[in-house]
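The values are calculated or read from the model by the stated rules, or taken from the named source; none is laboratory data. Everything numeric here is computed off the predicted structure, so don't read it as measured data. Glycine also receives a Cβ, built like all others from the backbone with ideal geometry; neighbour counts cover every protein chain displayed.
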Amino acid sequence: MTESANIISFLTELMRLKAVPRMGWLLRGVRDVESVADHSYGVAFIAMLLADLAQRQGLEPNVEKILRMALLHDLTEARTGDLPNTVKRYFDKGALHAADQRAADEILSGLGAIGEEYLLLWQEYEQRTSLEARIVKAADKLDLLLQAREYEKGGAQNLHEFWQNSELDFSGLQIDELISDLVSELTKLRTGRPRSQEQ
């Protein structure tokens, strides 16, 4: 295949993410759920904002790297679909990681050197070894909670589990100064104010 054909093939595959539903919501009875692409947009926007807040706090994140990582973070779901935790628990973690790695390798292989760079960013996100990766993971979790709140405001039930371990999930990212007030405010909005004040 020519380089142009490989690029079009890659972009065509990414279009699937617009149609892949976020399964965790469906399994809990939510209808008309967001797609993986919807989620990735939210993650990228939140990650950009968190990076700017981090800079204001004296940290030095690479904002371009963060945005690239946010756009790539769920890339493999174009092939695997969105596997929620309720499904993942039935599989060995090593097998899931190997499958994701293989999917990422195959999806990006036709892009040559650019694909290799994207693969390194995807792997860095998966390993959470850098400030940038931890910021993107925080954005991923914040997008989940913001979406859960929106569905709850619309009448969805049975979404409490998404909130139960949120503080513990965020604390493992070691960027508490950046996100703890945001998580507290979001939790307060969910539990402490009448719906009419949340608009």
Checklist line | Search result, residues across segment 99-116 that are among the aliphatic types (A, V, I, L, M), over 20 Å from VAL20 (Cα atoms) and surrounded by fewer than 16 Cβ atoms within 10 Å (Cβ to Cβ) | finding: ALA113, ILE114
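Among the residues of segment 4-59, what is the count of those that are charged (D, E, K, R) and at pLDDT below 95? Let's see the steps before the verdict.
Keep residues of segment 4-59 that are charged (D, E, K, R), which gives 13, 16, 18, 22, 28, 31-32, 34, 38, 52, 56.
Now drop any that are not at pLDDT below 95, which leaves 28, 31-32.
Summing the residues that are charged (D, E, K, R) and at pLDDT below 95 in segment 4-59 gives 3.
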Margin query: Testing GLY24 on (1) of a type outside the set (Val, Ile, Thr); (2) over 19 Å from TYR125 (Cβ atoms); (3) surrounded by fewer than 17 Cβ atoms within 10 Å (Cβ to Cβ), one condition comes back false. Which one is that?
Written below: (3)
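Are any residues in segment 132-155 surrounded by fewer than 18 Cβ atoms within 10 Å (Cβ to Cβ) and not acidic (Asp, Glu), and if so, which ones?
LEU146, LYS153, GLY154, GLY155
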Check: When you go through VAL63, VAL87, VAL36, VAL30 one by one, which is the residue that is surrounded by 13 or more Cβ atoms within 10 Å (Cβ to Cβ), over 18 Å from MET15 (Cβ atoms) and touching an Asp or Glu at 6+ places or on another chain (Cβ under 9 Å)?
Finding: VAL63
Next item on the list: Within segment 117-127, work out how many residues are within 24 Å of LEU49 (Cβ to Cβ) and exposed (fewer than 15 other Cβ atoms within 10 Å of the Cβ).
Entry: 1
Next item on the list: Test LEU11 against the stated conditions and say whether it is in contact (Cβ under 8 Å) with a residue 40 or more places away in the chain, assigned to a helix (DSSP H, G or I) and not β-branched (Val, Ile, Thr).
Entry: no
Notebook entry, point to check: All but one of (1) closer than 21 Å to TYR41 by Cβ; (2) at pLDDT 95 or above; (3) surrounded by 17 or more Cβ atoms within 10 Å (Cβ to Cβ) hold for ILE179; which doesn't?
Noted result: (2)
Note to self: Checking LEU96 against (1) free of Cβ contacts under 8 Å to residues at least 40 places away in the same chain; (2) of a type outside the set (Lys, Arg); (3) crowded, with 18+ Cβ neighbours inside 10 Å; (4) over 21 Å from PHE170 (Cα atoms): exactly one of these is not met. Which one?
What the structure shows: (3)
Note to self: Which residue is modelled with the highest pLDDT, if the candidates are limited to segment 145-171 and must be part of a helix (DSSP H, G or I) and among the small types (Gly, Ala, Ser)?
What the structure shows: ALA148
